[in-house]
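The values are calculated or read from the model by the stated rules, or taken from the named source; none is laboratory data. Computed from a predicted structure; not experimentally measured. Ideal geometry is used to build each Cβ from the backbone, glycine not excepted, and the neighbour counts take in all protein chains shown.
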Amino acid sequence: MKEAMLEQIMTLKNASISELQKKHSELFNGKKVPSNNKVYLWRKIAYRIQELEYGSVSAETQDKIQELITKYDPVNNKSLRPNNVSDNPAKKTRLSRDKRLPIPGTVVTKEYKGIMLQVKILERGFEYNGKVYKSLTAIAKEVTGAHWNGFLFFQL
């Protein structure tokens, strides 16, 4: 059975967009096709074919995934990036950390003119060569001798 399913999926990979749209309508009970992107449609259809064959992810598993994302996802960890909204919406409070920054303890690396730069993100500031700086821009200026936007220089 697995070989037949794999063969069906691989055949669809070479199908035209109109054929993929037709297959999508069949598999998703006539729902509107979400995209004209061939690769996206093929992947969505392939997932659905497997889902029908093996079953979907249980609600318990989906809940566990969301729990793990909430707890361990460093990019979207809301506890480290509080909202900029206070009890009074008219009054804005200044964030203690920029949302573009990785979580404290992360080491950002960049190669500049053959030298590997390593900057450790701290709760308040940045550590570079054993010295603490207030901003990435200050480190970029120290390294290059010219004014650089720190986020652009370190590609954050």
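Mind checking which residues of the stretch 105-121 are surrounded by 14 or more Cβ atoms within 10 Å (Cβ to Cβ) and either within 22 Å of the chain's Cα centre (by Cα) or at pLDDT below 90 (or both)? Break it down stepwise before answering.
If we filter the stretch 105-121 for residues that are surrounded by 14 or more Cβ atoms within 10 Å (Cβ to Cβ), which is where we start, we get 108, 110, 117, 119-121.
Passing the criteria: V108, K110, V119, K120, I121.
Screening R124 against (1) more than 25 Å from Y72 (Cβ to Cβ); (2) surrounded by fewer than 15 Cβ atoms within 10 Å (Cβ to Cβ) leaves a single unmet condition, (1). Here S56, S25, S86 are screened, and the one residue that is surrounded by 11 or more Cβ atoms within 10 Å (Cβ to Cβ) and at pLDDT below 85 is S86. Among the residues of the stretch 1-17, the one identified as more than 15 Å from K44 (Cα to Cα) and either touching a Gly at 6+ places or on another chain (Cβ under 7 Å) or surrounded by 10 or more Cβ atoms within 10 Å (Cβ to Cβ) (or both) is E7.
Which one is nearest to P104 (Cα to Cα) among residues in the stretch 139-149 that are surrounded by fewer than 18 Cβ atoms within 10 Å (Cβ to Cβ) and in contact with a strand residue (DSSP E or B) (Cβ under 9 Å, 6 or more places away or on another chain)? Among them, the one singled out is E142. Cβ-Cβ distances below 9 Å connect the following pairs, each with a first residue in the stretch 137-150 that is part of a loop (DSSP other than H, G, I, E, B), a second residue that is small (G, A, S), and a separation of six or more residues or different chains: A146/A140; H147/A140; W148/A140; N149/A140.
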